[in-house]
Amino acid sequence: MRVKVLRLLAGAAGLALMGVGASLLLDRQQDLMGVLEWLGGAVVLHDALLAPLVLLVGLVLVRGGVRGPIRGALLVGGALTAVALPVLLRPGPRANSTVLPLDYPRNWLLTLVAVATFTVLLVVAKEVRRSRRRPPS
Amino acid sequence: MRSRFFPPVFKGRLHDARTATSIGRWLGLAFAVCFCTGLISHFMQHPPGWLAGELPSRPVWGYRFTQGLHVASGIAAIPLLLAKLWTVYPRLFEWPPVRSVRHALERVSVAVLVAAALFELATGLLNTAQWYPWPFSFVEVHYAVAWLLIGALVLHIAVKAPEIAAHWSRRSAGTLSLPAEDAPDRRSLLAAVAAAVGAVTITTVGQSFTPLKDLTLLAPRHPDHGPEGLPVNRTAAAAGVGLIHPERYRLTISGPRPYTLTLDELRALPQHEVELPIACVEGWSKSAHWTGVRVVDLLERAGAPVHARVRVVSLQTRGGYRVSEMGHEHARDPLTLLALRLNGEELSPDHGYPVRLIAPNRPGVLQTKWVGRLEVLS
């Protein structure tokens, strides 16, 4: 009973907080259409493009005995790529030379090489450990 | 609508409630931290009237910590959100799409949650790179959608509470009813998600957590890149001030006993040295060594009341944040300086030559540069 009341209270609190957000947005009539487009666009981009693509890559590449490490490498590499997209792709002039001061394409490739190297080492280490454990035939 | 290809069938494993719960609680924590630190930042930059005079000036590293955490938790949430959405993706194609009014409302609330979550992380990340491809104003909209997101999240947790409880631990009833052979695969997936969070954190967090600055590969700022070893947001050229002539510079202090100082007179006043960070709302921060005149000394001479608020007016002619205000806590803090020197050298034009404000626990945009006037407010 107490749990049920707590759930109801939490649900009501959630609705109230959403109400705060909605009213803040409604106060900005001039921005509203743009915000709705970007909210909807984010969902469409994820659900219709990114997620199917990730599932497809998983279907094709993540299989066999090393599926764990391969999936791990793709996941870490993908996350690094997602976070690097703005610094890699930002068009237009910078506000000054201290904004985006690094060689991002190089750094991004470096992180991917590091992920690949680490994954290979991990697989080799596992393989070595497994073959040692196996009794000599 | 139903056909051979629709709704799609998902034969892959781990699209289950245990995986969703395991990733979801870390994602929930990241969003909670991100929301709270975001609120702190919002109130420090745009304090409502009742709070404006009472903002604390300590701890010295306060804003640096909360804003660094805001950006770091947002970046950490990116792999968590994508992994969570991957886990629950098959539910998008539930059949029938709507079973009841309650079910319809629940799906709408999840749609709001997903949209707001993707929106907040995407706009926040783009903002750190100063990339604004959207037609709306970032600060207000990012703030408003944050409330939408946290509300939808609380509602989602309330709706899913029984399922979350049933899959909370490895030995919970719901977890035990899932195929046992998935457990090692799930552990491997969760380890990969954790590794992804670690990887994106370690390659970006050095922009504010300077011990890791050498690993800063993908952050939009590097603590060492900038004049006098400090990054810059608005340059003197962008602010329309150019190089201010030292002979012509005047600092005006208005108050009960107003007065004006030349640059030489300012330099002749007792100088104090402080170690304070510049912490930008976009996430980067760095500590620096500042030398200058205590604001409290200038205020005393002007006969300012102890609880007076102070307005700091810049000589800049372009751009926002030309004027900043501070409450008595900041104005009276002995660490709050009108700085003339940075890391042992005279301020460079881009850091606010000849005089800039530097105060503890204060957002970077309010550390007004090229200060021309201090006004004691009643």
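Observations, loosely collected:
- Candidates in segment B:202-238 are the residues that are of a type in the set (Gly, Ala, Ser) and under 19 Å from the mean Cα position of the chain (by Cα); of these, the one that is surrounded by the most Cβ atoms within 10 Å (Cβ to Cβ) is B:Ala219.
- Listed by position, the helices (runs of 4 or more DSSP H) inside segment B:25-144 whose residues that are within 26 Å of A:Ala84 (Cα to Cα) and touching a residue at least 12 places away in the same chain (Cβ under 8 Å) number at least 2 are B:62-88, B:101-128.
Listed here are the residues, each with its yes/no results for (1) over 30 Å from A:Phe118 (Cβ atoms); (2) not charged (D, E, K, R).
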| site | (1), (2) |
| --- | --- |
| B:Asp185 | no, no |
| B:Ala194 | no, yes |
| B:Val200 | no, yes |
| B:Val205 | no, yes |
| B:Lys213 | no, no |
| B:Gly229 | yes, yes |
| B:Pro246 | yes, yes |
| B:Gly255 | yes, yes |
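- Residue within segment B:288-306 that is farther than 15 Å from B:Thr368 by Cβ, surrounded by fewer than 22 Cβ atoms within 10 Å (Cβ to Cβ) and under 24 Å from the mean Cα position of the chain (by Cα) present: yes
- Residue match in segment B:230-240 (condition: more than 14 Å from chain A (Cβ to nearest Cβ) and in contact with a helix residue (DSSP H, G or I) (Cβ under 8 Å, 6 or more places away or on another chain)): no
- Residue in segment B:168-181 that is within 9 Å of another protein chain (Cβ to nearest Cβ) and closer than 24 Å to A:Pro69 by Cα present: no
- Among the candidates B:Pro8, B:Pro79, the residue that is within 19 Å of the chain's Cα centre (by Cα) and within 27 Å of B:Phe119 (Cβ to Cβ) is uniquely B:Pro79.
- Number of positions in segment A:55-68 that are touching a residue at least 12 places away in the same chain (Cβ under 8 Å) and within 8 Å of chain B (Cβ to nearest Cβ): 1
- Test: residue in segment B:82-93 that is at pLDDT 95 or above, in contact with a Leu (Cβ under 8 Å, 6 or more places away or on another chain) and of a type in the set (A, V, I, L, M): yes
- Of the candidates A:Leu8, A:Leu26, the single residue that is more than 8 Å from chain B (Cβ to nearest Cβ) and surrounded by fewer than 17 Cβ atoms within 10 Å (Cβ to Cβ) is A:Leu26.
- Applying the set (1) over 20 Å from B:Phe209 (Cβ atoms); (2) buried (at least 18 other Cβ atoms within 10 Å of the Cβ) to B:Trp50 leaves exactly one unmet item: (2).
- All strands (runs of 3 or more DSSP E) inside segment B:210-290 with 1 or more residues being more than 30 Å from B:Thr66 (Cβ to Cβ) and assigned by TED's automatic domain parsing to the domain that holds B:Glu120: none
- Criterion: within 11 Å of chain A (Cβ to nearest Cβ), surrounded by fewer than 20 Cβ atoms within 10 Å (Cβ to Cβ), assigned to a helix (DSSP H, G or I) and under 25 Å from the mean Cα position of the chain (by Cα) - qualifying residue of B:Ala199, B:Ala194: B:Ala194
- Residue within segment A:46-55 that is in a loop (DSSP other than H, G, I, E, B) and exposed (fewer than 15 other Cβ atoms within 10 Å of the Cβ) present: no
- With respect to the conditions (1) within 13 Å of B:Gly352 (Cα to Cα); (2) of a type outside the set (Asp, Glu); (3) surrounded by fewer than 19 Cβ atoms within 10 Å (Cβ to Cβ), B:Arg311 lacks only one, and its number is (1).
- Some residue of segment B:59-71 being closer than 28 Å to A:Arg71 by Cα and either within 19 Å of the chain's Cα centre (by Cα) or surrounded by fewer than 17 Cβ atoms within 10 Å (Cβ to Cβ) (or both): yes
- In the set (1) surrounded by fewer than 16 Cβ atoms within 10 Å (Cβ to Cβ); (2) part of a loop (DSSP other than H, G, I, E, B), A:Leu102 fails one condition alone, (1).
- Every listed requirement among (1) modelled with pLDDT under 95; (2) under 26 Å from B:Ala76 (Cβ atoms); (3) within 11 Å of another protein chain (Cβ to nearest Cβ) is met by A:Asp103 save one, (1).
- Residues in segment A:29-54 that are among the hydrophobic types (A, V, I, L, M, F, W, C) and at the interface with chain B (Cβ under 7 Å from one of its Cβ atoms): A:Val35, A:Trp38, A:Leu39, A:Ala42, A:Val43, A:Ala51, A:Val54.
- Residue, farthest from B:Gly226 (Cα to Cα), within segment A:81-97, restricted to residues that are within 7 Å of chain B (Cβ to nearest Cβ) and modelled with pLDDT under 95: A:Ala95
- Some residue of segment A:71-79 being part of a helix (DSSP H, G or I), touching a residue at least 40 places away in the same chain (Cβ under 8 Å) and at the interface with chain B (Cβ under 9 Å from one of its Cβ atoms): yes
The values are calculated or read from the model by the stated rules, or taken from the named source; none is laboratory data. Just so we're clear, the structure is a prediction, and the values are computed from it rather than from any experiment. Heads up, the Cβs are rebuilt from the backbone with ideal geometry, glycines too, and the neighbour counts pull from every protein chain shown.
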